[in-house]
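Before any comments, here is the structure.
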Amino acid sequence: MAKICYVVVLRPMMSSNLHFIGSKFKALTRKVINIFSNCFLIQKVLSLKVNRPKELQNIVSQELVFETLSAKATTTAGQCTRMACNGALMTPKKSTGQPRPTDEVLKGAKEFIDAYFLSSNRLNSEEHKTRWKAISSLIEETGTYDLTCKELVFGAKLAWRNAPRCIGRIQWNNLQVFDARHVSTPSGMFKSICSHIKFCTNKGNIRSAITIFPARTNGKTDFRVWNPQLISYAGYLQEGGTCIGDPINCEFTEICQSLGWQGTGARWDILPLVLSANGQDPEWFEIPPDLIMRVPLSHPEYKWFAEMGLEWFAVPAVSGMCFDCGGLEFPACPFNGWYMGTEIASRDLCDPHRLNILEDVGKLMGLDTRNNSTLWKDKALVEVNVAVIQSFQSHNVTITDHHSASESFMIHFKNEQRLRGGCPADWVWIVPPMSGSITPVFHQEMSLYHLKPSFEYQDPAWKVHIWKKGNNFVEIKRKFQFKAVGLAVMFTSKLFRNALSIRPKVTILYATETGKSEMFAKQLEKIFNHSFNVLLYCMADYNHINIKHETLVLIVTSTFGNGGPPENGKKIANNLYAMKCSGNEANIKGTGPLSNVKYAVFALGSSAYPKFCAFGKYIDNLLGELDGEPIMTLSCGDELDGQEQPFNHWAAEVFDRSCEYFSIDEDDATHQLVSQAFRDKACTTAEIFKLQEATKSDVAAIGLSRVHGKKISECKVLASTNLHDTKSRRCTQQVILNTGNLPELSYQPGDHVAILPGNQSTTVDAILARLSGCPNPDIIVRVMVQKVTILTGAKYDFEPHERLPAASIREMLIRYLDITKPPSPNFLHILAKFALNNDQKSHLNLLAMDSCEYEKWKNWNYPTLIEVLEQFSSVTIDACVLLINLPLLQPRFYSISSSLDTHPGQIHLTVAVVKYRTQGGKGPLHQGTCSNFLKNVSAGDTVECFVRCASSFHMPSDPRYLIIMVGLGTGVAPFRSFWHHR
């Protein structure tokens, strides 16, 4: 009997020549049947339809790619028909604004959850099945469900990846997602948006971010941001149809005015945020000016360009679109990237329906604007683009030009073809609005289709909102007394400071055999709990899949035996290695699984073993290979050399850098106290040191730059004058510094200058007399730290101290170390070890261990180092131990009391010289370190300094604003700079 055979024929669903292809496949099918019928009994012929890949050609390189991803496109009808292509429509489709039927939510949820688990190779796993069962039950019961935080992050990133009109999608995996679904009021929305703006602005180093508010439920309780963009300029429509400001915002400006907001009527007024929560009527909020970074526009060659008074804001944050993810819709989801130059220059400034400056620029360039054939528009447009790009770059604000953006998109396009078989792209939008054919994207065929998750257009909130008060717009007019306004300003200022105190998430992982790593991890948890939302896990208890969706991961781990992992670290190491080997993404720089994860690793081990800290180093390398970004280099703690001191140094440093990354205010008192507490603690561990003679000392500015991690500059003193009469008991010193027009010392009125002072030489001489093991204090030395390595025998090596420069001991005590600050309890504990008198040793130990006794002693005496050594006269401390454990002499910040407009190339300081007595006015005379340092400098001396921007204390750019200056307990210095500037 002949064997039974099934013949399966695959034929494409669509073809450019259906008749020819159909005939060809019929003939092929008959041929196959004839061949097999000789030996087999043909029972059935199956004809299956398959999607035929689209061929996309690059016209320049002639390279062909085959587009298969479009098969996963949503079945929702697009804008095109069989008879017409409507791909050039501005808003092809919009979210309906209505709640979705249950079957549609189920379908969207199923597709999304499958994609989510597929992305981590967990499709059809027990976890996947359990999650889907819970979701489907919820949808059947309530019609909706909630995404987990991890799912939300995954969906938001994927929506950006799927956005066909965005040319900058190569950064999709670096999107920072802020989950604000807990918010229930407009003021809560305002707080979240302020935090978003501060984070993404990042002092000009723009970061991509999205804030997601609650999902749509019944269509009547939507959360909406009424602004099309979070930051935009008002447009005041004038009689005759002209406009002051941005014409595109005229309608929304009228909405804001109807709600009670009244701008100044100026060209660059920032519109307020108009927010509605839970379907209620909207409320408006002024965005604090110090949150908005503005860039004044100038041209590198045409000086008149700056005189046009143009500016633009740094952060482009779209806020009018709807986030569609997993069958759910989130109608309030402001998100931002950074600008491509043509967006501002070609569109915002030069479009006829926008600011329309093109003809003005052409005339100022001396071009003939009467005849298009002179190509004056093209010439003027190029110069406007040049002005925008150089202005942003000169103010250190992130921006990209359209050529670089096009090249990066082509890299992304090829990556996407390789990774998922396609890249949805709207050619009309991807090609830049100028220089189209000389950019590579112009010559690349693209396929436009829509994938979910996605960002969808929706009707403006004011066109669909159902008003609760009966009237569409209620004009609010109120009068306030000046005192009430002042109190309100103080109150709202306090509220605003609280609003910005966000708690970013940090995950701490540890692996340990003896418990030491766990102890350090818990100490790290304590320090980070002051400013962060901390999650602490043993590595064995952590789901490694979640690491893709973390923002900051800190790892403390030991090494077991000769380079092996601790038992509770094996699982995550294996899983991370499998993640590295499982896909191609990690092979393309910037697209790896952890490309949005910042991390830092502290490794514990013993140099008695050849593979010192091997497991910590392995984890650090593995995270890097998965495209994680280290916020600081790996640090190691050697069991034979003391692990507490390097850990405390690392903890303080990683805390500082984390605060900097999350834009937690560096002036925040908690931040400084927590960081300094760890630094103080880091200096208490005794190690083996020695002083080694060096050939030459570090230049002061270079040494100070390394010690403080900042660029320090030298200034010559032009004058130092006491502003009071010689008979006066008070002393206010005016110090004038010559900046040499160094760009790093450029400033605006309101900024601060940091002075690196020196201690008084008489005090230093007294300390030198109390040191043991001290060579000639004027010989150049370097502090060396002993490192012990044990292989076949003990090997002792000395390495230069990572912090202290090559200098004489006298120079270190004068310029680098603080000898006037009361010693910490930890330092008193060290002094006790050098006390020869038992009573003094006991007293020092009491002060070190009893916080109440220490505080009473410190507050009454507020002793300097020399006063402590005089009180405990039997102490003769080793020179190396003293140098290692003294805190750094910190810079002192003063408000600059001059304006570069009035005094070019100069910085003026107006400093009150501090002198006081402790112990209720009967103790020794104390002198302010920096104020007395400045009092004693003379013309020709050198002062080390740097400038710190105080953007929240700058004057308004518009000179028409009147300013009332009120100083309660403050100095006159910043006011002097203001009136000099005006």
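The values are calculated or read from the model by the stated rules, or taken from the named source; none is laboratory data. Remember, predicted model here, so these are calculated numbers, not experimental data. FYI the Cβ positions are ideal-geometry reconstructions off the backbone, even for glycines, and counts take in every protein chain you see. The accessibility values were calculated without ligands, DNA or RNA, using every heavy atom of the protein model including side chains. Shrake-Rupley method; radii C 1.70, N 1.55, O 1.52, S 1.80 Å.
A few points about this structure:
- Phe442 being assigned to a helix (DSSP H, G or I) and in contact with a Lys or Arg (Cβ under 9 Å, 6 or more places away or on another chain): no
- Selected residue (criterion: nearest to Trp268 (Cα to Cα)) from residues of the stretch 927-954 that are open to solvent by 40 Å² or more (accessible area, probe 1.4 Å) and assigned to a loop (DSSP other than H, G, I, E, B): His954
- Only residues that are in contact with a helix residue (DSSP H, G or I) (Cβ under 8 Å, 6 or more places away or on another chain) and outside any loop (DSSP other than H, G, I, E, B) were counted across the stretch 135-150, and they come to 6.
- Candidate set from the stretch 118-134 (those that are open to solvent by 50 Å² or more (accessible area, probe 1.4 Å) and in a loop (DSSP other than H, G, I, E, B)); member that is farthest from His412 (Cα to Cα): Asn124
- In the stretch 545-561, of all residues being farther than 23 Å from Ala209 by Cα and not aliphatic (A, V, I, L, M), the one that is least open to solvent (accessible area, probe 1.4 Å) corresponds to Thr557.
- Subset of the stretch 891-907 that is touching a helix residue (DSSP H, G or I) at 6+ places or on another chain (Cβ under 8 Å) and of a type outside the set (Ser, Thr, Tyr) - its residue that is nearest to Pro775 (Cα to Cα): Pro891
- Residues of the stretch 524-544 satisfying the condition of being part of a helix (DSSP H, G or I) and crowded, with 17+ Cβ neighbours inside 10 Å: Leu524, Glu525, Ile527, Phe528, Met539, His544
- In the stretch 157-181, the residues that are farther than 19 Å from Glu329 by Cβ and in contact (Cβ under 8 Å) with a residue 12 or more places away in the chain form Cβ pairs under 6 Å with partners that are open to solvent by 20 Å² or more (accessible area, probe 1.4 Å) and of a type in the set (S, T, N, Q), at six or more places apart or across chains, as follows: Ile170/Ser408.
- Every pair of residues 6+ apart whose Cβ atoms lie under 6 Å, when the first sits in the stretch 447-467 and is of a type in the set (Ser, Thr, Tyr) while the second is open to solvent by less than 20 Å² (accessible area, probe 1.4 Å): Ser447/Glu67; Tyr449/Pro424; Ser454/Ala159; Ser454/Asn162; Ser454/Asp324
- Single residue of Ser746, Ser808 found to be at pLDDT 90 or above and open to solvent by 20 Å² or more (accessible area, probe 1.4 Å): Ser746
- Residue ID - farthest from the chain's Cα centre (by Cα), chosen from residues in the stretch 833-864 that are closer than 10 Å to Ser874 by Cα and aliphatic (A, V, I, L, M): Leu836
- Note on the stretch 894-926: residues that are surrounded by fewer than 22 Cβ atoms within 10 Å (Cβ to Cβ), over 21 Å from Ile866 (Cβ atoms) and touching a Lys or Arg at 6+ places or on another chain (Cβ under 7 Å) amount to 1.
- Looking only at the stretch 749-775, and only at residues there that are under 15 Å from Arg815 (Cα atoms) and assigned to a loop (DSSP other than H, G, I, E, B), the one that is most open to solvent (accessible area, probe 1.4 Å): Gln760
- Matching entry among Ala317, Ala380 (being more than 30 Å from Thr221 (Cα to Cα) and either of a type in the set (Val, Ile, Thr) or open to solvent by less than 10 Å² (accessible area, probe 1.4 Å) (or both)): Ala380
- Residue match in the stretch 293-307 (condition: touching a Pro at 6+ places or on another chain (Cβ under 6 Å), surrounded by fewer than 23 Cβ atoms within 10 Å (Cβ to Cβ) and modelled with pLDDT of 95 or more): no
- Set Val153, Val177: member being among the aliphatic types (A, V, I, L, M), crowded, with 19+ Cβ neighbours inside 10 Å and part of a helix (DSSP H, G or I): Val153
- Residue among Tyr618, Tyr661 that is hydroxyl-bearing (Ser, Thr, Tyr), open to solvent by 30 Å² or more (accessible area, probe 1.4 Å) and at pLDDT 90 or above: Tyr618
- Residue within the stretch 702-710 that is modelled with pLDDT under 90, more than 13 Å from Ile896 (Cα to Cα), more than 27 Å from the chain's Cα centre (by Cα) and basic (Lys, Arg) present: no
- Residue within the stretch 403-410 that is open to solvent by 30 Å² or more (accessible area, probe 1.4 Å), outside any helix (DSSP H, G or I) and without any contact (Cβ under 8 Å) to a residue 12 or more places away in the chain present: no
- Residue match in the stretch 871-886 (condition: open to solvent by 60 Å² or more (accessible area, probe 1.4 Å), at pLDDT below 90, under 39 Å from the mean Cα position of the chain (by Cα) and within 30 Å of Lys710 (Cα to Cα)): no
- The residues listed here are Val937, Val972; of these, the one that is under 22 Å from Asn722 (Cα atoms) and at pLDDT below 85 is Val972.
- Given (1) closer than 22 Å to Cys166 by Cβ; (2) out of contact with any His (no Cβ under 6 Å at 6 or more places or on another chain); (3) open to solvent by less than 10 Å² (accessible area, probe 1.4 Å), number of the condition Thr342 does not satisfy: (2)
- Selection count, the stretch 621-642, where residues are part of a strand (DSSP E or B) and either small (Gly, Ala, Ser) or crowded, with 22+ Cβ neighbours inside 10 Å (or both): 3
- Test: residue in the stretch 645-656 that is under 30 Å from Asn173 (Cα atoms), open to solvent by 20 Å² or more (accessible area, probe 1.4 Å) and free of Cβ contacts under 8 Å to residues at least 60 places away in the same chain: yes
- Residue list for the stretch 383-402, filter: under 23 Å from the mean Cα position of the chain (by Cα) and open to solvent by 10 Å² or more (accessible area, probe 1.4 Å): Ile389, Gln390, Gln393, Ser394, His395, Asn396, Thr398, Ile399, Thr400, Asp401
- Residues (assigned to a helix (DSSP H, G or I) and crowded, with 24+ Cβ neighbours inside 10 Å) located in the stretch 600-615: Phe615
- Here the condition is being open to solvent by 30 Å² or more (accessible area, probe 1.4 Å), of a type in the set (A, V, I, L, M), within 30 Å of Leu56 (Cα to Cα) and not in a helix (DSSP H, G or I); of Leu419, Leu367, Leu448, it holds for Leu448 alone.
- Failed condition for Lys711, given (1) in contact with a helix residue (DSSP H, G or I) (Cβ under 9 Å, 6 or more places away or on another chain); (2) in a strand (DSSP E or B); (3) more than 19 Å from Phe975 (Cβ to Cβ): (2)
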